[in-house]
Amino acid sequence: MRILKLLFPLLFFASIAFAQDPTGSLSIIGGSSVNFHVNSLTKYDEGVTLEGWSRLRIRFDDPASLTLGWRLNLKAETLSIISDSGTDNLPLTSLEIRAIDVTVLDGAYNGTAVPSTVILDGNYVELLSDSEKNNIDLIITISYDLGTNGTNKLMGSAPGYYYVDLRYQLIQIN
Amino acid sequence: MRKLVLGAAMLLFAQFGFGQAVNESAIIPVSVTLNAVSRLNIESGGNIKFVFTSINDYNTGFSGETDPIYRTTVSVASSRNFSVNMYSEAADFLPTDNASNTLAISNLEYQLNWTGAAAPPTTYVEVFTPMSDGVTAIIDNTVDTEGGLAGDGEANRFDIWWRIGVAGSTEGTLLSQGDIAADHYVANIFIELVN
């Protein structure tokens, strides 16, 4: 009976504590597929930009202040942009991802300044982060650049179809 | 009583299952379609005409090395490294007045003069070479890193200097060959861009 008396309050407080766990969600609300078409010499030379192509919605809430905020990471699922034609793959570094805008639907955003550009290397890299953590609801607009930097132009690449999956990850900062 | 304790304990530990850190992910597929761009453009000198009207012409011939009217300007816009092949349609010039007249195509010689903004290819025809009906790589990238490089028409431009009947050429002057009948001789020269 003593044990029961001990267990039930524990259970009660634990429930209260866990009810205040941070919560978060990440969803793609636009531009869920990115397609580059390189069909002229100018595009081979200057690259292709898809401005404001993807829109991600982030919700994060940490009412008990158990975390230091949230972070949006990004990684490529493969170590290069894979050729579907048996020719050489394109390097990941030919693709750049830019967060160009953060629209605040609820809460606040005082995190990484935009535009924030990342170049992928096969590991998770941080795109945005913020220490704001109460009832956050944001829409993040993403742009994609392919072959626009001087060192990784597409000129000379074999024609064909290439693909890579990008994984966005929302995590809490501990 | 034990069951009650066990149940309460299970309920307690079950709560730990809900205490997970935020870790959400979403995947966006990215595709790249590269369409090949491959263009060879004759910018000028698409019709070269050598007219022999004097003994001096027969004795000295004509050369694009010194006279721009005997030059063909070619530009290449290519998204990949490239080779350029050239060959004559026939083994000899074709006479237009008398079918029995002949003029060997090897009387026609050519040399490339690179004028593009890009560095010249490693392998290209830099000295006068007799024309033939066999395919000749005038720019060759069959060996990796050699040949023409991907780029636009400004980067990849060259002149073909044509010459005929010049002293020092393989066949020599037309006068030195002695028995060439007067006629209007023509030859189609094919230039191919190869990726």
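Helix B:2-16 versus the longest principal axis of chain B: what angle, 0 to 90°, nearest 10, using Cα atoms?
Value to nearest ten degrees: 30.
Dipole of the stretch A:22-168, Cα-centred, from +1 at each Lys and Arg C-beta and -1 at each Asp and Glu C-beta, to the nearest 20 debye?
80
Counting only other chains, what is the mean number of Cβ atoms within 10 angstrom of the Cβ of each residue in peptide A:25-31?
Mean inter-chain Cβ contacts per residue within 10 Å come to 2.
Would you mind checking the tilt of helix A:2-18 against the longest principal axis of the Cα atoms of chain A, expressed as 0 to 90 degrees and rounded to 10?
In chain A, helix A:2-18 runs at an angle near 40 degrees to the longest axis.
Which whole number gives the average count of other chain Cβ atoms within 10 Å of the Cβ atoms across peptide B:34-45?
4
Relative contact order (percent) for chain A, with alpha-carbon contacts under 8 angstrom and 6 or more residues of separation?
So the answer I get is 33 percent.
State, to one decimal in nm, how far the label point of A:ILE173 lies from the label point of A:THR23, with both points 7 Å from Cα in the Cβ direction.
2.3
Summarise the partner chain shielding of A:41-49 as one whole number: the mean count of Cβ atoms from other chains within 10 Å of each residue's Cβ.
Going residue by residue through A:41-49 and averaging, the value is 4.
If amide H atoms are built 1.01 Å from N in the plane of the peptide, which residues on other chains or at least 5 residues away come under 5 Å of the amide H of B:ASN81?
The list, which skips near neighbours in sequence, is B:ALA150.
Provide the per-residue ³J(HN,Hα) series for the stretch A:147-157, in order, calculated from phi with Karplus coefficients 6.51, -1.76, 1.60 and θ = phi - 60°, each as a whole number of Hz, with x at glycine and proline positions.
For the stretch A:147-157, the Karplus-derived couplings read x, 9, 8, x, 8, 10, 6, 7, 3, x, 6 Hz, x marking Gly and Pro.
FYI, it's all coordinate maths here, none of it is from the lab. A quick note: this is a predicted structure, and the numbers were derived from the prediction, not measured. Every residue, glycine as well, gets a Cβ built from its backbone with ideal geometry; the counts of neighbours run over all protein chains shown.
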